[in-house]
1. Could you tell me the relative contact order of the chain? Use alpha-carbon pairs under 8 Å, at least six residues apart, and round to a whole percent.
2. By how many degrees, 0 to 90 and rounded to 10, does the Cα axis of helix 164-198 deviate from the longest principal axis of the chain?
3. Could you state the angle between the C-alpha long axis of helix 140-162 and the longest principal axis of the C-alpha atoms of the chain, as a value from 0 to 90 degrees rounded to the nearest 10?
4. When the accessible area of the chain is split by element with a 1.4 Å probe, what percent falls to carbon and sulfur?
5. Before rounding to the nearest 500, sum -39500 (n - 2.57) across all DSSP H runs of length at least 4 in the chain and divide by the residue total; then give [θ] at 222 nm in deg cm²/dmol.
6. Against the longest principal axis of the chain, how steep is helix 123-132, in degrees 0 to 90 to the nearest 10, with axes from Cα atoms?
7. Measuring with a 1.4 Å probe in the full set of protein chains, what accessible area per residue, in whole Å², belongs to the chain?
8. What full-extension length gain, to one decimal in nm, is calculated for Val156 and Glu39 as 0.36 nm per residue of separation minus the Cα-Cα distance?
Amino acid sequence: MSPLLIKISKDFATIWTTIDPIGNVAIFAGLTAALSRTERHLTALRAVFYATIILVAAMTVGQVILDVIGIHMHSLKVAGGIILFLFGLKMLFGTLDSKTEQSPDAGHDLAVFPLAVPAIAGPGAMMAIIVLTDNDVYTVPERIQTGVVLLVVLVVTYLLLLFSDGILRVIGRQGASVLVRVMGLILCSLAVEIVLTALAVGSWAPVAAPY
């Protein structure tokens, strides 16, 4: 497999698992059960729109802000890998299911909280997108490619939210729970990969360029 396809695959797996579209289907269905079909569609559109703005902002200025306050990307990768690992553990052991029980305060917009943040654009997703677009590691075309992968995942998330009732009828809440746990295991593995690569441990150390 070419390096480009490997990077696209890793980007997609990391972004997909941190945004967790399948898990968000159950959250969305529970939070919008009392809304009309039109209101549900508008809520889904606005939630994904707000999440897109947040994640694109993290991708474009996140590292700049970190550079200004003097945080090195290697430190961010180790911290980000640990955070993603803990996030994956929560998915794996089902502790994220409590998000479905959250209800916004009166007057608050469901699309903003808890759907856009923290359901779609949570800390894990923001950390992942900053690590995956490291200016010191990836070229501009590679960062653009990561941005395209992000947009694809967000579009798929929007489509899944639109058809959340039908999807849950097909796979059931238990089926969605199983898929979330599988994604949690994958995310834990990717997080370990990020940390070991950043620390240059054993075979995870970057290969030196030949002279």
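The values are calculated or read from the model by the stated rules, or taken from the named source; none is laboratory data. All of these numbers come straight from a predicted model, not from anything done at the bench. Just the protein is used for accessible areas: all its heavy atoms, side chains included, with ligands, DNA and RNA removed. Shrake-Rupley method; radii C 1.70, N 1.55, O 1.52, S 1.80 Å.
1. After rounding, I find 43 percent.
2. For helix 164-198, the angle is close to 20 degrees.
3. Result, in degrees: 20.
4. For the chain, the apolar C and S fraction of the accessible surface comes to 72 percent.
5. Using -39500 (n - 2.57) per qualifying helix, the result is -24500 deg cm²/dmol.
6. With rounding to tens, the tilt is 30 degrees.
7. Per residue, the chain has an accessible area of 53 Å².
8. Going from the current span to full extension adds 40.2 nm.
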